[in-house]
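Below is one structure, written out as structure tokens; the observations come after it.
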Amino acid sequence: MAIEKNAPAIELINVSRRFLSPTGKSLTALRDFTMTVERGEFVAVVGPTGCGKSTTLNLVTGLASPSAGEVRVMGAPVTGIDPRIGFVFQSDALFPWRTVIENVMAGPLFRGRAKPDAAAAARDWLARVGLSRFEQHYPHQLSGGMRKRVALAQTFINGPEILLMDEPFSALDVQTRVLMHEELLRLWSEAKASVVFVTHDLEEAIALADKVYVLTAGPATVKSVYTIDLPRPRVVADIRYEQSFINYSRTIWADLKEEVETSYARAAA
Amino acid sequence: MTDAAIDIKAGAFRPGTSDAEIEAAAAKAARHRRRTVIFWRVAILIAFLGLWEIAARQAWIDPFFYAMPSAIAQRLYEWTTEGTSEGPLWYHLYVTMEESVIGFVTGSVAGIIIGVALGRNRMAADIFSIYIKVINSIPRVVLAPIFIMILGLGLASKVALAFVMVFFVVFHNAFQGVREADRAMIANARILGASNWQLTRSVIVPSAMSWIFASLHVSFGFAIIGAIVGEFVGSRYGIGLLINIAKGSFDAAGMYAAIIIVMVVALGAEYLMTMVENRLAKWRPQPLHETQ
């Protein structure tokens, strides 16, 4: 394996991904998709619902492989599940039969760390997401926002160099979501990971990311890329009222709107 | 965040509707409801037994066939104090329980292991599913004579019958439970670093557990059926034998007494199972409780 020292964290080069529908028809989710994520960069991917945004993430994790093109992580082709990758899911992917601390310990234990060691690390991460008091609770006893914080701790404890997030906060109410954005930016700035954040919420994308990729209606390919030059650290709750934010929002929405309309018209047809 | 709760004076509510009073009224209503439920349960039982007794004594029904509660109680008393014509009752009960428990444990362990294995392996599941369907279509009790012929009159033939009664129920639920395991949860575990074995052990099996437990509840009853049917067909000891002998001697009270013994044991087992399940499933949200 020839690993280049300064290779980008993630490269998708002319990637296509086809899959078979349950009725046996071949569908194309991704076509000639090219994206580069530098180390430490926060990239958001927006696009119309069901266009294949999540597929890009599955290709990076190694849970799915490309039908054509190449996916490289840290300069090396993806061959399986990479231990340097962390993933935060849209749905609740915590283990409901484990307590909060056991959920956070899961990663280190799977990776063969000793139990006391894993427990200490888990306590540390629970403190960082402000859930020390809920160590012994079960997920169903927590609110949606708290469960998401557990999921973040569960992912961050493995020290991922690449963090993939698939609409992680879409099920939360607006106020909780803003709190989670702050939490995420704080954890990210400490961990210095590269992030790919998939969302259909444009404001969320602009508020968080360094770069926003706009995808076309499926089969998805990159329509345009915007660099978001807002200063960090950002205060997500307030940033949306700044003029530059509004300008970005207007420009990108004009671009995205066409795709959303195409996708909508197709679904209605 | 500032706390700007509006201070509500107690006087804002109508008299008799303070928090404490509402809570007390709700608790009282719940107590009352519980008592009503228990009262009617007991009343119906007494009415049923009383009617039976009177009907038998007045010869509205033939006590020769239907016995009567007092005669059944008498028989139970005799069996427990003096033993049955075939030896002490406790020994028969012990034999039946031994057969049921061994059949239940082996049947459910095998059902869980094979159910999980096939649930995790699509190819194997597709290949074997047809055979399982075919074997499952055999009414289990017709196997009793075969087992007795092959394995003899002793313990083994009844255990085998209890085993096949239990196995398929548990197998189906374990298989289904594995198939229903949440895909995001599985993907999460794999990305967190779980190997295939870790995935099965700490994600797949626990998430199939509620399915498996649902089957364990019914299958202990099935194990008892297996043991008793086996004893009907051929045995030297067991509750099934007692029923068979009572039938042979036209002893209706004896048959009903044996049925009651089996009922008590099955209810006891069900109670134990629920206790174990609640223990293991303390992570689940509390279901809305039925008033017991």
For region B:43-73, give me each residue that is of a type in the set (A, V, I, L, M, F, W, C), part of a helix (DSSP H, G or I) and farther than 17 Å from B:Ile260 by Cα. B:Ala43, B:Ile44, B:Ala47, B:Leu51, B:Ile54, B:Ala55, B:Ala56, B:Phe64
Between a first residue in region B:131-156 that is under 20 Å from B:Phe104 (Cα atoms) and a second residue that is assigned to a helix (DSSP H, G or I) and aromatic (Phe, Trp, Tyr), which pairs have beta carbons less than 7 Å apart while being 6 or more apart in sequence or on different chains? B:Asn136/B:Phe168
Report whether or not A:Val222 is under 25 Å from A:Val60 (Cβ atoms) and assigned by TED's automatic domain parsing to the domain that holds A:Glu41. yes
Region B:75-115 - residue that is aliphatic (A, V, I, L, M) and within 15 Å of B:Phe168 (Cβ to Cβ) and, of those, surrounded by the most Cβ atoms within 10 Å (Cβ to Cβ): B:Ile112
Going through region A:188-200 in order, the residues found to be under 23 Å from A:Gly144 (Cβ atoms) and at pLDDT 90 or above are A:Trp188, A:Val195, A:Val196, A:Phe197, A:Val198, A:Thr199
Picking from B:Ile54, B:Ile46, the residue that is farther than 24 Å from B:Lys247 by Cα, modelled with pLDDT of 90 or more and outside the structural domain of B:Tyr256 (by TED's automatic domain parsing) would be B:Ile46
Scanning region A:56-103 for residues that are of a type in the set (D, E, K, R) and part of a strand (DSSP E or B), the one nearest to the other protein chains (Cβ to nearest Cβ) turns out to be A:Arg72
In the list B:Asn278, B:Asn196, which residue meets the criterion of being at pLDDT 90 or above and surrounded by fewer than 19 Cβ atoms within 10 Å (Cβ to Cβ)? B:Asn196
Answer with yes or no whether A:Met146 is away from chain B (no Cβ under 13 Å), aliphatic (A, V, I, L, M) and under 24 Å from B:Asp182 (Cα atoms). yes
Failed condition for A:Tyr138, given (1) closer than 23 Å to B:Ile204 by Cα; (2) of a type in the set (Phe, Trp, Tyr); (3) in the same structural domain as A:Glu203 (by TED's automatic domain parsing): (3)
The one condition in (1) facing chain B (nearest Cβ under 8 Å); (2) in contact with a strand residue (DSSP E or B) (Cβ under 8 Å, 6 or more places away or on another chain); (3) closer than 17 Å to A:Leu187 by Cβ; (4) not basic (Lys, Arg) that A:Gly107 fails to fulfil: (2)
State which residue is nearest to A:Val198 (Cα to Cα) when the search covers only region A:211-230 and only residues that are among the small types (Gly, Ala, Ser) and in contact (Cβ under 8 Å) with a residue 40 or more places away in the chain. A:Ala220
Meets criteria (under 14 Å from the mean Cα position of the chain (by Cα) and surrounded by fewer than 16 Cβ atoms within 10 Å (Cβ to Cβ)) for A:Ser224: no
Just checking, does region A:163-179 include any residue being surrounded by fewer than 16 Cβ atoms within 10 Å (Cβ to Cβ) and part of a helix (DSSP H, G or I)? yes
Within region A:42-57, can one find any residue that is of a type in the set (D, E, K, R) and closer than 23 Å to A:Lys257 by Cα? yes
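The values are calculated or read from the model by the stated rules, or taken from the named source; none is laboratory data. What you are looking at is a predicted structure, and each value in this text was computed from that prediction instead of being measured. All Cβ positions, glycine included, derive from the backbone under ideal geometry; neighbour counts span all protein chains shown.
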